[in-house]
Amino acid sequence: FHRWFHEVEDFGGVDEVNAMTVSTIGLDGFPKSRVVLLKKFNEEGFIFYTNYDSEKGRAILQNPNVCLSFFWAVAERQIIIKGIAEKTSAQISDNYFSSRPVGSQLGALVSPQSQVIPDRAFLESNLKQLEQEYENKEIQRPIHWGGFLVKPFEVEFWQGRPNRLHD
């Protein structure tokens with residue numbers, strides 16, 4: 001994975017090499033996929049961050065079997081990873097949260113993800129309030145926000161070739 005990731009990164013032509021599709025089994029029993037950003041990978045697995053109260057977060061906490069998929073069309077490469085997701089430690093989540101821009105930190109506080117809101121003005125008004133409240137103050141990571149580590153148990157590498165004779 002490390003080699004392919006960096007080869008695609010060096011190849012160019014991909015806006016966000018770390019964009020991946022995360023598929024979960026939803027609370028309604030149906031699969032659901034969405035694109036998130038991979039923030040770290042190592043020998044343990046793959047880390048991304050989210051709101052634990054979101055539909056995605058709740059689905060993972062109920063059923064930690066997930067699938068990650070990277071597709072880099074320009075390189076004709078795809079990687080599919082089956083794994084088990086678990087929350088990262090509070091310290092890992094805190095460290096990453098504190099490294100984020102203030103606007104992103106406030107975004108984690110302002111948005112009641114996967115919940116119906118009255119309108120866009122609701123978010124913008126809440127953001128203005130938080131900007132005033134936290135002006136010149138450190139923002140603590142909310143308890144409902146943090147990382148998931150996906151520990152892989154199967155990784156499939158797909159390389160496109162001419163005449164559909166793919167590897």
Just to confirm the number: angle between the C-alpha axis of helix 120-133 and the first principal axis of the chain, 0 to 90 degrees, nearest 10? 70
For the chain, longest principal axis from Cα atoms; helix 2-11 axis from its Cα atoms; angle between them, nearest 10 degrees, is 90
By the C-alpha gyration tensor axes a ≥ b ≥ c (rounded if a/c is under 1.5, else prolate when a/b exceeds b/c, else oblate), the shape of the chain is prolate
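Please calculate how many Å² of accessible area the chain carries per residue, with a 1.4 Å probe and no DNA, RNA or ligand atoms counted.
Working: 10200 Å² over 167 residues.
That works out to 61 Å² for each residue.
Could you grab the relative contact order for the chain? Cα pairs under 8 Å, six or more apart, rounded to a whole percent. It would help to have the intermediate numbers written out before the result.
Numbers: 259 pairs, mean separation 44.6, N = 167.
Here the relative contact order equals 27 percent.
Quick one: dipole size for the chain, taken about the Cα centre, charges +1 on Lys/Arg Cβ and -1 on Asp/Glu Cβ, in debye to the nearest 20.
Roughly 300 debye, rounded to the nearest 20.
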Set the bar at 27 Å for Cα to Cα. Now go through K39/K82; K56/K137; K87/K128; K40/K128 and name every pair that lies beyond it. K56/K137; K87/K128; K40/K128
Value of [θ]222 nm, deg cm²/dmol, for the chain, DSSP H segments ≥ 4, -39500 (n - 2.57) each, nearest 500: -9000 deg cm²/dmol
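The values are calculated or read from the model by the stated rules, or taken from the named source; none is laboratory data. Values in this document were obtained by computation on a predicted structure and should not be read as measured data. Glycine also receives a Cβ, built like all others from the backbone with ideal geometry; neighbour counts cover every protein chain displayed. Surface accessibility is based on the protein's heavy atoms, side chains included, excluding ligands, DNA and RNA. Shrake-Rupley method; radii C 1.70, N 1.55, O 1.52, S 1.80 Å.
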